Structures are given as structure tokens and as C-alpha cells.
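**Student:** Before we start, here is the structure in question, set down as C-alpha cells.
The values are calculated or read from the model by the stated rules, or taken from the named source; none is laboratory data. Just so you know, these numbers come straight off a predicted model, no measurement behind them. Cβ sites come from the backbone with ideal geometry, for glycine too, and all protein chains shown count toward neighbours. For accessibility, only protein heavy atoms count, side chains too; no ligands or nucleic acids. Shrake-Rupley method; radii C 1.70, N 1.55, O 1.52, S 1.80 Å.
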Amino acid sequence: AAESVDSLLDFLSPTSTIKEVNFSGAYLRGNTENTSNILPFFREMTSLEKFSAPNLLKVPEGLCYLCSSLKEVNLSQCKIIEQRGFHGANLESLSLPNVISIEKNAFQSNKKLTTIDLGEKIETIASLAFADTNATTLIIRNPEKMVQINDVNFLQSSPIDMWGETSSGVIIDCFIYV
């Protein structure tokens, strides 16, 4: 058994040529909170272009850290993105409809990231979460619920066009210059 585990780890190493990962099946359904068992598999995997885990509730620290070819993620049920979850990836847009918390450096250095849609449930965006990106649009569907957002979240990013709709139907549209 140890031999097959070693082979699997070699197969999923940073030098792997895997381009797409899809965890839409039963693998994550039974244990979506405890994701530490998948943590080491994707770090620095430069060939990875697409990561899909629609049932994953929490992205563990550094899950796709420095996956420089990663362009697309599907995390439709995700509630928490831990530190450096996608730091150094190559995402162009991001939609996280159920996310509650985005931790420090989670999407830092995604140089092509321009549009971020955070849905209704977002409460916290930690410092430097989107630092060193080219984000120009931030959509928050319930801005009244936000705990904090400031320029440090987007340090070294482009000016941000932020908009959202409050519960009373008022559309908020503003720019954050950093």
C-alpha cells in the first residue's frame, strides 16, 4: 500500500502535468470541512489550469499556492478561503456566491484577476486578500453585511469599481483608489 501512496504523491507533485482537477463527486461530499488531506497535492503545480470542487466548504491554507497556470475555479459552495489558498494563481475572474470569509493573501498576486463577485454572504475580507492583482470590479451583493474592506485588501491593485445592492434596494457604486 505504501508503494501506491508514494506513486500517487509523485503523480500529484509540482512537476505533474495535470491540467484539470474535479472533485464534484463523493470524494468531498462526506467530509467537506476537513480538507487537510488534500492540502499537499496542488501546491506549486504549475500545469494546473482548472480546479473544480463545488461541494468544498473550506479551501485550506495554500491549497493552490503558486499554481501559476490556474485560470478557472469552481467553488460554488465554499464558505472560507484560508490564507494563500490561490496566491500566485492566474485567475481572470472570480465568483464566490457563498463565501463568508476570505483570509489574508488568499488571492494575492493573481496578476490577471479583474472581476471579483462575492455574493450576499461575505462578511470578512482580510488584509492583502487581493493585493497585487489587476482587480477593477468588486461586486458585493449585500454590502450592509460587510465587516471591513479597505485599501490594504487591494494593495498595488488597479482602482476598484465596487458596487452592491442593499436590502432596501439601493445600489451602491463607488471607487476605491489604492
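**Student:** If we keep just the residues of segment 115-139 that are of a type outside the set (G, A, S), touching a strand residue (DSSP E or B) at 6+ places or on another chain (Cβ under 7 Å) and part of a loop (DSSP other than H, G, I, E, B), which is nearest to V73 (Cα to Cα)?
**Tutor:** Among those residues, the one meeting the criterion is L118.
**Student:** For a quick check of your reading of the model, give me the residue pairs whose first member lies in segment 111-127 and is at positive phi, whose second is open to solvent by less than 50 Å² (accessible area, probe 1.4 Å) and modelled with pLDDT under 90, with beta-carbon atoms closer than 9 Å and at least 6 apart or on different chains.
**Tutor:** Filtered contacts from segment 111-127: G119/I139; G119/I140; G119/N142.
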